[in-house]
Amino acid sequence: MIAKTPSALLGPALLVVALLLPGCKKEPTVVAKDADAGEVAAKVAEAGVKFQPGAWTTQVKAIDIDMPGMPPEMVGKMKEALGRARAERSCLTKEKAARPDGDFFGQADKTCRYKTFAMADGKIDGVLNCGRGGATQTITLKGTYDAQHFAMDMDMTGTGPAGKQMRMHVATQSTHAGECTPQEKAQAEADEKAAAI
């Protein structure tokens, strides 16, 4: 996964972030239905989407949170914590950029499947369904991208184990930030090697 965050609520959303680092000038089209992250990765590879290797900075921010039934002070604390934009920096190696696999696209989270996914002409639209521990979540995503950056809005709705409804609107932006440092590259290569075992 390209970016990580400590918030479990944002975890499924970051599946999407990994998809959005294309760097080729022609406009390939990717369309998928009822597909997991690995199947989407295969379609992206078939379409000839190339990725821009190097360092990327990703910022994730929760814009709005609605959790009926939760005490207002708890919702307020969540809004305050998640409303602060989190900036993450990560390294995409040339090897991973040339041959992205299912793990790169979030395959590790097998609870999520794309109901629909479309990527073409600098735009991405999709619906992702996730379920874990009695909780379900639907993520509707809309975004724009080019070789150097992307912007994505994600609306997440779902129920928790007790059947409580929740809704969250998350905004993600990512920008290519040049070359990876030697330390970042070494860590990325070590992570890839560990994932292959």
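Glu192 meets the conditions (1) more than 19 Å from Val44 (Cβ to Cβ); (2) of a type in the set (Asp, Glu); (3) surrounded by 13 or more Cβ atoms within 10 Å (Cβ to Cβ); (4) touching a residue at least 24 places away in the same chain (Cβ under 8 Å) in every case but one. The failed one is (1).
Of all residues in region 130-144, those satisfying the criterion of being among the small types (Gly, Ala, Ser), over 18 Å from Ala35 (Cα atoms) and more than 12 Å from the chain's Cα centre (by Cα) are Gly133, Gly134, Ala135. Among residues of region 88-111 that are modelled with pLDDT of 75 or more, those with a Cβ under 6 angstrom from a residue that is of a type in the set (Val, Ile, Thr), sequence gap 6+ or separate chain, pair up as Glu88/Thr58; Arg89/Thr57; Ser90/Ile2.
The values are calculated or read from the model by the stated rules, or taken from the named source; none is laboratory data. Keep in mind that this is a model prediction, so the values were computed, not measured. Please note: Cβ atoms are built from the backbone with ideal geometry, for glycine as well, and neighbour counts cover all protein chains shown.
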